[in-house]
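A short write-up of the structure that comes next.
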Amino acid sequence: MFLTPVIAATISAAILIGFLTTLMDSIRPALAVRFDRPAAELPNFSRRLHLCWIPLMPITGWLIDSWGVHGIFFSGSLVLSFGVAWLAVARRLQTLALGVYALAWGGAALTLTCIRLMLEAFPFGNGPSPESSLCVGFLFIAVAALLTQGLYPRILARLGYRNTLLLSALFCLAPACIASFLEPSALPAAIANPSPERLLHNPRLWLLTLLIFFWFPLEHSLDVWPRPFLAELGYTGKAITTLIVGFWFWFLASRLAMSWVLLQGFEIWIVLILALIPPMVLGNLVGAYAPSSGYFGFWLVGASYGPMLPAFLGMTMDFFDNRCLILGIMLAIDSLCALVIRPTFERYVRGHSARESMRVPLIFGLLLSAVILVLALIRYA
């Protein structure tokens, strides 16, 4: 595989998606200094971003199905760049929201078009399939998100708030620059009859929606229970950091490996096996007190979770012939979970031990496996 313009456009967009997912939380301390307020008193801009994505994701998906990828991809990059630049130059906290709204539209457009382009950019593995292609594409998203979360605050401290965000805004133009050299015919075209009504009456849509609804709480819980659990095992400071780094290493490694392991025609069964591993491991970890559990069981959970999201979205595109409207609905559920379920789980964790809290993702994991089994039987039939 060599770097074609489509691959370059897809990779640049994937990096920007990962950057966007952690941007508002990464710049929050710098915003507090810029506007001379305690960070706790700042508006929750990440929450506003997710609130905007709930309606924007399905609407943008329908627009992509109706108009094709090229125009939405190009405009998404431009609007995202404007949003980041606005965050850099805004002098009043009240006007900062305009940049967040621009990030919401640009992020929705770039996310959905990028996921659609991954099928064209990464058609390799054991037979091209949406699941394999998305496992490769989402690797870039995850790496960018982790690097932004870890390195961006240091870059802000070195270059300053304004300079860092203005440079970031320039980088956000990369997908648009690459897309300007592409003919619209080189990118996926519009769907002839993107009828939302017909899709909404399909029972498979509701099964996939239920699948995603059970998955995203598991994904969001990864920011909540691992550190308290490792602390209960007796790990401290640097040891916890090392184990967390190992967790994300195996998370990324399994995502890349799964792009080759997902045999065409058997993807959903392999995903079912992966989905069954975390509930069993979490059940053992709840009753484990040996420090070695922090290595083996904890990392096994990370390796199992790695390919889940791209595989689930790939199954969605496989069941519904690559419709971005369906992807938009799935990602809107992610934002809904971030707004409702994650804060609820965080409050639950504060009132319970880590082991008691881990029973929540265990239950969600079992429910998730049950839905995948039903979908696998439908696919087999």
Scanning segment 345-377 for residues that are touching a residue at least 40 places away in the same chain (Cβ under 8 Å) and not in a helix (DSSP H, G or I), which turns out surrounded by the most Cβ atoms within 10 Å (Cβ to Cβ)?
-> Met358
Taking the stated definitions as given, is Thr241 modelled with pLDDT under 85, out of contact with any helix residue (DSSP H, G or I) (no Cβ under 8 Å at 6 or more places or on another chain) and under 24 Å from Glu346 (Cβ atoms)?
-> no
Confirm whether Val340 is closer than 30 Å to Phe45 by Cα and either out of contact with any helix residue (DSSP H, G or I) (no Cβ under 7 Å at 6 or more places or on another chain) or aromatic (Phe, Trp, Tyr) (or both).
-> yes
Out of Trp86, Trp53, which single residue is modelled with pLDDT of 90 or more, part of a helix (DSSP H, G or I) and closer than 30 Å to Pro123 by Cα?
-> Trp53
Test for Phe213: is it farther than 18 Å from Phe138 by Cβ, touching a residue at least 60 places away in the same chain (Cβ under 8 Å) and not small (Gly, Ala, Ser) | yes
Hey, can you tell me all the residues within segment 88-109 that are more than 17 Å from Trp53 (Cβ to Cβ) and in contact with a Gly (Cβ under 8 Å, 6 or more places away or on another chain)?
-> Ala90
Count - residues of segment 214-248 that are within 14 Å of the chain's Cα centre (by Cα), over 18 Å from Gly150 (Cβ atoms) and of a type outside the set (S, T, N, Q) = 6
Only listed residue being in contact (Cβ under 8 Å) with a residue 40 or more places away in the chain, farther than 29 Å from Met317 by Cβ and among the hydroxyl-bearing types (Ser, Thr, Tyr), chosen from Ser81, Ser12, Ser26 = Ser26
Name the residues in segment 21-50 that are surrounded by fewer than 17 Cβ atoms within 10 Å (Cβ to Cβ), in a helix (DSSP H, G or I) and either out of contact with any helix residue (DSSP H, G or I) (no Cβ under 7 Å at 6 or more places or on another chain) or β-branched (Val, Ile, Thr) (or both), would you?
-> Val33, Ala40, Glu41
Pro130 being modelled with pLDDT under 90 and within 17 Å of the chain's Cα centre (by Cα) = yes
Picking from Phe251, Phe298, Phe319, Phe229, which residue would you name as being closer than 27 Å to Ile378 by Cα and touching a residue at least 40 places away in the same chain (Cβ under 8 Å)?
-> Phe319
Just to be sure, is Pro203 without any contact (Cβ under 8 Å) to a residue 60 or more places away in the chain and surrounded by fewer than 18 Cβ atoms within 10 Å (Cβ to Cβ)?
-> yes
Go through segment 210-220 residue by residue and tally those that are buried (at least 21 other Cβ atoms within 10 Å of the Cβ) and of a type outside the set (Phe, Trp, Tyr).
-> 4
From Leu103, Leu98, grab the single residue that is assigned by TED's automatic domain parsing to the domain that holds Leu49 and touching a residue at least 60 places away in the same chain (Cβ under 8 Å).
-> Leu103
Verdict on Gly125 being in a helix (DSSP H, G or I) and either small (Gly, Ala, Ser) or at pLDDT 90 or above (or both) = no
Conditions (1) without any contact (Cβ under 8 Å) to a residue 40 or more places away in the chain; (2) touching a helix residue (DSSP H, G or I) at 6+ places or on another chain (Cβ under 8 Å): number failed by Arg91 = (2)
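The values are calculated or read from the model by the stated rules, or taken from the named source; none is laboratory data. This structure is a prediction, so every number in the text was calculated from the model and none was measured. Quick reminder, even Gly has a Cβ in these numbers, built from the backbone with ideal geometry, and neighbours come from all protein chains shown.
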